[in-house]
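Below is one structure, written out as structure tokens, with a few remarks after it.
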Amino acid sequence: MSKATIIPFGPQHPVLPEPLHLDLVVQDETVVDCIPQIGFVHRGLEKLVETRDYNQFIYIAERICGICAMGHSLGYAETVEELMGVEVPKRAEYLRVIWHELSRVHSHLLWLGLAADAFGFESMFMHCWRLRERVLDIFEKTTGGRVILSVVKVGGVVRDIDDAQMREICSVLEGIRGEYTTIMNTLLTDTSVKNRTVGVGYLSQADAVELSMVGPFARASNVAYDVRMFGRGAYGDLSDFKAITDNGGDCFARVKVRCLEVLQSIDIIEELAAKMPAGDIAVDVKGSPADGAQASNVLEQPRGECYYYARGNGTKNLERMRMRTPTSQNLAGMTVALKGCDLADVNMIILTIDPCISCTER
Amino acid sequence: MGSFKLGGMTFGSLFKKPETILYPFEQKPAPAGLKGHVANDAARCILCGICQKCCPADAIVVEKKERTWSIDPFRCVQCGSCVRQCPKHCLTMEPTYTAVATAQSCTVVTVPDPKKEAAAAEATA
């Protein structure tokens, strides 16, 4: 075997818009080791919790990442509500979950478009982003924003969705479902896609558990772990929720799990829209978190489990806010999945893990 | 075989209305609840300063002595906190974006003084 060479990948790379740098140790065409390096978009957002009160910080939390904006504001709000013992009205919980699932649909469609583009499947990229645009239009009509929604507040939500809008959302989603199913079947049955993904970037179930992988990355290695199955908030009212898993453990399994999750999210939204209870959308939250009070919370972001921790100090400003994002968990698994692969497969493996470096660095 | 189905979908797009619009000649109508910019109805404003306190971006400045309310559109994040907390409901979120500018500037609203106005009205009468 020839001498090992180090090939740098990123932080600017045509296939991945996120600033992730990898030192790929390569022998011939095979990657024998991979050393990830992050730190290009660190903004110190957790520290800002000391300078803004707990109501204002929600707007910083949702700016951690553009794609997971809804998830971060929701996760933060739920943590502060737990810290202060606030009970959110049922309707607000339903609305939050509907917006959160819509953001999962938009995140997965964005990812699918990027993945298709990496295959060289540009027409599919166009179709995926065309469908994603419809979800963004729903956000624009119901929240007033397309990416940063600013719709969640501590104690509930700031806007309601009326019945007419809800019917419109369901009919748009039905339209998306029809076209998306065609796109998904195309991707999952295409021979050239299978040639590039089946058996590539394998991560066993044992490794996924040992390295604490989360989200679709873990579920594609047959780890049935999805925070939504704990039934927090409106998820508890779903008639049946089962995490989508696959036992392939390779790139194809990860593509398949994410593809099926879009349909699952549409089902969740339609079920909750039909069950939507009447009532208030927010409660007044007064006072400050007690000195030394602590709360933690987990939320299933599009990329996996995100952990939130908050500690109060008796003032309006929190003492500490900590988020452990799905990608910071998944980077360890990524280095394992990359070992032994061909250099040409590196971008495919990284894309199917769908890292979000903005979330990871905060 | 899958690619042929997608090809059919792509071919069908040739005969459908385009998904894109010819911006800037054509513009998408703004939905009613769009978060465009914050406007202040000076006639109802009492310069209480609650909007300044709740603003997470420090975009609003209320000068009681000068009787001015100003907002920096370059700092504003359109969160709508000020609109929700305004006790006189004089702040509104308008569904239009502010025009493109070549230099940063604040939008300043001068709030009329009801006492001075009453005195001026008396003087003219």
If we keep only residues of the stretch A:237-261 that are charged (D, E, K, R) and under 22 Å from A:Leu95 (Cα atoms), then the residue surrounded by the most Cβ atoms within 10 Å (Cβ to Cβ) is A:Glu261
* Please indicate, with yes or no, whether at least one residue in the stretch A:209-226 is crowded, with 23+ Cβ neighbours inside 10 Å, within 22 Å of A:Ile161 (Cβ to Cβ) and either modelled with pLDDT of 90 or more or touching a helix residue (DSSP H, G or I) at 6+ places or on another chain (Cβ under 9 Å) (or both). => no
Per the filter on the stretch A:289-316, residues outside any strand (DSSP E or B) and surrounded by fewer than 18 Cβ atoms within 10 Å (Cβ to Cβ) are A:Ala290, A:Asp291, A:Gly292, A:Asn313, A:Gly314, A:Thr315, A:Lys316
Please verify whether B:Met9 is part of a strand (DSSP E or B), within 12 Å of another protein chain (Cβ to nearest Cβ) and either free of Cβ contacts under 8 Å to residues at least 60 places away in the same chain or open to solvent by less than 50 Å² (accessible area, probe 1.4 Å) (or both), treating the condition exactly as stated.
no
Given the conditions (1) at pLDDT below 90; (2) assigned to a loop (DSSP other than H, G, I, E, B); (3) away from chain B (no Cβ under 14 Å), every one holds for A:Val88 apart from (1)
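What's the total number of residues in the stretch A:47-64 that are closer than 29 Å to A:Glu101 by Cα and open to solvent by 10 Å² or more (accessible area, probe 1.4 Å)?
The qualifying residues number 9.
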Residues of the stretch A:182-209 being touching a residue at least 60 places away in the same chain (Cβ under 8 Å), more than 10 Å from chain B (Cβ to nearest Cβ) and assigned to a helix (DSSP H, G or I), in sequence order, are A:Arg196, A:Thr197, A:Asp207, A:Ala208
Worksheet item: Has the stretch A:39-59 got any residue that is within 20 Å of A:Gly236 (Cβ to Cβ) and within 14 Å of chain B (Cβ to nearest Cβ)?
Response: no
By residue number, the members of the stretch A:321-340 that are under 20 Å from A:Thr197 (Cα atoms), surrounded by fewer than 22 Cβ atoms within 10 Å (Cβ to Cβ) and in contact with a helix residue (DSSP H, G or I) (Cβ under 7 Å, 6 or more places away or on another chain) are A:Val336
Filtering the stretch A:1-46 down to residues that are farther than 20 Å from A:Cys356 by Cβ, open to solvent by 60 Å² or more (accessible area, probe 1.4 Å) and without any contact (Cβ under 8 Å) to a residue 60 or more places away in the chain yields A:Met1, A:Lys3, A:Thr5, A:Ile6, A:Pro8, A:Asp28
Reported set for the stretch B:77-92 where residues are within 11 Å of another protein chain (Cβ to nearest Cβ) and open to solvent by less than 30 Å² (accessible area, probe 1.4 Å) is B:Cys79, B:Gly80, B:Ser81
Reported set for the stretch A:77-111 where residues are under 19 Å from the mean Cα position of the chain (by Cα), within 28 Å of A:Asp291 (Cβ to Cβ) and open to solvent by less than 10 Å² (accessible area, probe 1.4 Å) is A:Ala77, A:Thr79
Going through the stretch A:317-332 in order, the residues found to be assigned to a helix (DSSP H, G or I) and over 12 Å from A:Arg303 (Cβ atoms) are A:Ala332
Considering only strands (runs of 3 or more DSSP E) wholly within the stretch B:41-125, the ones with at least 1 residues that are free of Cβ contacts under 8 Å to residues at least 40 places away in the same chain and over 23 Å from A:Tyr59 (Cβ atoms) are B:60-63
The residue that is nearest to the other protein chains (Cβ to nearest Cβ), considering only those in the stretch A:112-126 that are open to solvent by 10 Å² or more (accessible area, probe 1.4 Å) and part of a helix (DSSP H, G or I), is A:Ser123
Restricting the stretch B:12-44 to residues that are surrounded by 14 or more Cβ atoms within 10 Å (Cβ to Cβ) and small (Gly, Ala, Ser), the one farthest from the other protein chains (Cβ to nearest Cβ) turns out to be B:Ala42
inquiry  = Could you go through the stretch B:93-111 and let me know if any residue there is open to solvent by 20 Å² or more (accessible area, probe 1.4 Å), in contact with a helix residue (DSSP H, G or I) (Cβ under 9 Å, 6 or more places away or on another chain) and more than 11 Å from every other protein chain (Cβ to nearest Cβ).
reply    = no
Residue hits (the stretch A:143-176; without any contact (Cβ under 8 Å) to a residue 60 or more places away in the chain, within 12 Å of chain B (Cβ to nearest Cβ) and in contact with an Asp or Glu (Cβ under 9 Å, 6 or more places away or on another chain)) are A:Arg146
Q.
Here is a check on your reading of the model: is A:Leu136 crowded, with 23+ Cβ neighbours inside 10 Å and either over 15 Å from the mean Cα position of the chain (by Cα) or charged (D, E, K, R) (or both)?
A. no
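The values are calculated or read from the model by the stated rules, or taken from the named source; none is laboratory data. All figures in this text were calculated on a predicted structure; none of them were measured in a lab. We place every Cβ from the backbone using ideal geometry, glycine too, and count neighbours over all the protein chains shown. The protein model used for the area step is the full one, side chains on, heavy atoms only, and it has no ligands, DNA or RNA in it. Shrake-Rupley method; radii C 1.70, N 1.55, O 1.52, S 1.80 Å.
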